[in-house]
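A short write-up of the structure that comes next.
What follows draws every value from the coordinates through simple rules; no lab data is involved. Bear in mind the structure is a predicted one, so any value in this text is a computation, not a measurement. Cβ placement follows ideal geometry from the backbone for every residue including glycine, while neighbour counts extend to all protein chains displayed.
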Amino acid sequence: MGAFSPTQKSPKFEKVESLFHEITREVGKIFVGQDELVLGTLTALFAGGHVLIESVPGLGKTLFVRTLGRVLGCDFGRIQFTADLMPSDITGAPVFDMQNSEFRFRAGPVFTQLLLADEINRSPAKTHAALLEIMQEYSVTIDGTSHAVPQPFLVMATQNPLESEGTYNLPEAQLDRFMLKLKVDYPSEEQEAEVLKLHSRQVDLSQRLQDEVRTVTNPDGVRSLIQLCASVNVEDSLVAYINRVVRATR
């Protein structure tokens, strides 16, 4: 760090900045608007955290995760939370193999790299608890055996506004697992008109993902970025300021 003045950038971090802009540019080819959502999600990913999004349905969150997975070269998955969703529906469960007369672990949909937990507050607390260990420890424990989830691992959970019918308050322990909470509103009038034009032309978004969006990195590259971000030196004065803000707003 001493080789650079406060106004200079390390070549490594210049590369990070360049890649960050490249990712947002590629995502923007498919996902219209919602710049705060894109910025917040990438920030959480590179900082090794998770993000909670409060929004109404129909704002393209699934499309965003698909596009981000394409750009980053990472696997993506989606879990639709409902009132009858069981923890084993998320984590997976042992399944008896009749051919070998033994139980084998069948991995659930949580075993992916970019996970969209859609409408998470439509499920009761026992189902939320299934995500706690995974978001903190990056592993699932079934019958005393730990199964690691792929890295990098980002949970992007969405919740409906609490005044919506059939929703539950997320427990404090669950909220503590998220680095950021973003409130996503409807796009601007111009952006919504652009979406309508695409819809009226019956554009095949899956085909556009393949034809127009480039994969600019891979899981190893994302892991390297996460490690690089973790190596940033934080001055004691900044730590003290953050601590004062947290204590004043607690």
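Applying the Karplus parametrisation 6.51 cos²θ - 1.76 cosθ + 1.60 with θ = phi - 60° to the phi angles of the range 219-224, what ³J(HN,Hα) value in whole Hz is obtained for each residue in order, glycine and proline being reported as x?
My calculation for the range 219-224 gives x, 4, x, 5, 4, 5 Hz in order.
I need ASP211, ASP176 ordered by Cβ neighbour count within 10 Å, fewest first.
Ranking ASP211, ASP176 by Cβ neighbours within 10 Å, fewest first, gives ASP211, ASP176.
Tell me the mean residue ellipticity at 222 nm calculated for the chain from its helices only (DSSP H runs of n ≥ 4, each -39500 (n - 2.57), averaged over every residue, nearest 500). Mind dumping the intermediate values first?
Details: 10 runs with 110 residues, N = 250.
Result for the chain: -13500 deg cm²/dmol, rounded to the nearest 500.
For the range 144-202 and the range 43-86, compute the distance between their C-alpha centroids and round to whole Å.
The distance from the Cα centre of the range 144-202 to that of the range 43-86 comes to 6 Å.
What number does the chain give for Rg over Rh if you use C-alpha atoms and the Kirkwood radius?
0.99
Considering amide H positions built from the backbone, and no H for Pro or chain starts, which residues 5 or more places from PHE76, or on another chain, come under 5 Å of its amide H?
Correct list: GLN113, LEU114.
Just to verify a number: FRET efficiency for CYS229 and SER200, C-beta to C-beta distance, R0 = 35 Å, to 0.05?
So, using R0 = 35 Å, E works out to roughly 0.25.
On a straight-distance basis, which lysines could pair with LYS197 in a cross-link, Cα separation under 24 angstrom, same-chain partners fewer than 8 positions away excluded?
LYS29, LYS61
Test of understanding: given the chain, find the longest segment containing no GluC sites (Glu not before Pro) that are in a DSSP loop and have at most 10 other Cβ atoms within 10 Å.
Result, exposed sites excluded: 1-162.
Taking amide H positions as placed in the peptide plane 1.01 Å from N, state which residues far from VAL149 in sequence (5 or more) or on other chains have amide H under 5 Å from it.
Under 5 Å from the amide H of VAL149: SER139, VAL140.
On a full-extension model of 0.36 nm per residue, what is the gain between GLN136 and ASP84, subtracting their alpha-carbon distance, rounded to one decimal in nm?
16.3 nm
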